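The values are calculated or read from the model by the stated rules, or taken from the named source; none is laboratory data. Small disclaimer: the values here were computed from a predicted structure and weren't measured. Ideal geometry is used to build each Cβ from the backbone, glycine not excepted, and the neighbour counts take in all protein chains shown.
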Amino acid sequence: MTHDDQLDTAVRKLVGQVSHWTPPRWAASSLSVSGLSGPSRADLMHDLVQWMADRCAEAEGRPPLPVPRLDNDLALPDQLQVVAADLRRFAPLAVRQDAAARITAVRGAFG
């Protein structure tokens, strides 16, 4: 499996896990499975998308820009896929590997 395959697989698995979620499920704590409170799942996903967008900006030699936090969290999987496509296109291998690992970690945090 190539590193881009690892990134693609991580994105596909996370999107498959969350694409059917309702707004209340996005609003739940990312740690609710363990009974602790933490950032919402939507916040955790948005932070991941922002991290990936920032790495793309670095790779493209441009200043980072904030990823819009849309009113509807149901758009988060789409934002992830768009930013992952940019990352695949512009970022060096080490960053793509790090992104795949971070995506997998977020997926694990969602239970």
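Filtering segment 49-67 down to residues that are in contact with a helix residue (DSSP H, G or I) (Cβ under 6 Å, 6 or more places away or on another chain) and in a helix (DSSP H, G or I), which residue is surrounded by the most Cβ atoms within 10 Å (Cβ to Cβ)? Talk me through it step by step, then tell me what you get.
Taking segment 49-67 and keeping what is in contact with a helix residue (DSSP H, G or I) (Cβ under 6 Å, 6 or more places away or on another chain), we get 49, 52-53, 55-56, 59-60, 64, 67.
Applying the additional criterion that residues be in a helix (DSSP H, G or I) yields 49, 52-53, 55-56, 59-60.
On the way: VAL49: 23, MET52: 27, ALA53: 19, ARG55: 23, CYS56: 23, ALA59: 16, GLU60: 12.
Only one residue tops the list, namely MET52.
The set of residues in segment 68-92 that are assigned to a helix (DSSP H, G or I) and in contact (Cβ under 8 Å) with a residue 40 or more places away in the chain comprises ASP73, LEU74, LEU76, PRO77, LEU80, GLN81, ALA84, LEU87, ARG88. Only one entry of ALA27, ALA99, ALA84 meets the criterion of being aliphatic (A, V, I, L, M), on the phi < 0 side of the Ramachandran plot and modelled with pLDDT under 95, and that entry is ALA27.
Restricting to segment 1-18, what's the tally of residues that are loosely packed, with under 12 Cβ neighbours inside 10 Å, of a type outside the set (Val, Ile, Thr) and at pLDDT below 95? Going through segment 1-18 one residue at a time, the tally reaches 2.
Picking from ASP43, ASP86, ASP73, which residue would you name as being crowded, with 20+ Cβ neighbours inside 10 Å and within 20 Å of GLY16 (Cα to Cα)? Answer to the check: ASP73. With the structure loaded, tell me whether VAL95 is within 14 Å of VAL11 (Cα to Cα) and assigned to a helix (DSSP H, G or I) or whether it fails that test. No.
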